[in-house]
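Shown next, in structure tokens, is the structure this report addresses.
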Amino acid sequence: MNVLIVDDDRLVSSSLKTILEADSTVHVSGIGNSGAEAVALYNELNPDILLMDIRMDGMTGIEATKILLGENSEAKILFLTTFSDDDYIVEALRIGAKGYILKQNFESIVPALKAVFSGQRVFGDAIVSKIPSLMKQKEQPNFSRFKLSERELSIIKQVANGKSNREIAQNLFLSEGTVRNYISTILEKLALRDRTQLAIFYYKQL
């Protein structure tokens, strides 16, 4: 697994390289120190994953990610930052980053990279705990143009609030199988890939 590290703190970058390459399955193919370098190095090295800070002078990690995902929607970008700021979390979700974890949780970095490499999305515990509150609506959004039924809207709201299929089934007095079928239908109807995208969809309508 080839990883590109981008962080404006050079000491952090070199420390991350040491931590990652202690695992034999990880190779750090390059190190950058700015958003602009992230874009240039990604295009040059074509890494499996870009591990990047968010707050950097000049071009931020968010801005670099928008450029890279605009050029390649399959790019795997994992944010690693000291900030659990709500706006950053929402923006990372919105633009399609594969994950958002905190630097403080250094022991989780390699497992997070492996999860992203295998196609999963990863959000550290401190981030996951915030997502439901960020998704809660302040007023009823207008979903009429999506031709969703009331039951489908109820299930979308439950997913956006972090509920499991079992919890949704209990809350709406349905079987888990019925909930799974509803979610599959909803994802197909909205042309979304997974529950995370469904939660982002709901939040964006607020």
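State, as an integer percentage, the relative contact order of the chain based on alpha-carbon contacts under 8 Å between residues 6 or more apart.
Details: 284 pairs, mean separation 30.0, N = 206.
That works out to 15 percent.
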Query raised in the report: Nearest 20 debye, what's the magnitude of the dipole of the chain about its Cα centre given +1 on Lys and Arg Cβ and -1 on Asp and Glu Cβ?
Result: 1020 debye
Requested in this report: Starting from the Cα of Asn43, step 7 Å along the direction of its Cβ; do the same at Arg145; then give the gap between the two resulting points in nm.
Outcome: 3.3 nm
**Report entry** (1) -0.27, -0.59; (2) -0.31, -0.65; (3) -0.34, -0.71, with the label sought being that of the calculated log10 I(q)/I(0) by the Debye sum over Cα atoms at q = 0.08, 0.12 Å⁻¹
**Finding:** (2)
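Let me know the charge dipole size of the range 133-204 about its Cα centre in debye, to the nearest 20, where only the beta-carbon of Lys, Arg (+1) and Asp, Glu (-1) is charged.
Values: 13 positive and 7 negative charges, 36 e Å.
Here the size comes out at about 180 debye.
Looking at the range 1-81, which GluC sites (Glu not before Pro) are DSSP coil and have at most 13 other C-beta atoms within 10 Å of their C-beta?
In loop regions of the range 1-81 (DSSP not H, G, I, E or B), the sparsely surrounded GluC sites (Glu not before Pro) are Glu74.
Just to be sure I understand the rule: take each whole DSSP H helix in the chain, project its Cα atoms onto its long axis, keep it if the span is 20 Å or more and its mean Kyte-Doolittle hydropathy is at least -0.5. Which ones pass?
Those that clear 20 Å and a mean of -0.5 are 176-190.
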Query raised in the report: Just going by the charge dipole of the chain, with Lys and Arg at +1 and Asp and Glu at -1 on Cβ, which of Phe146, Ile49, Ile95 is farthest out on the positive end?
Result: Phe146
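We did not get these values from a lab; they are worked out from the coordinates using the rules stated. Source: prediction; values computed, not measured. Here the Cβ is made from the backbone with ideal geometry for all residues, glycine too, and neighbour counts use every protein chain on show.
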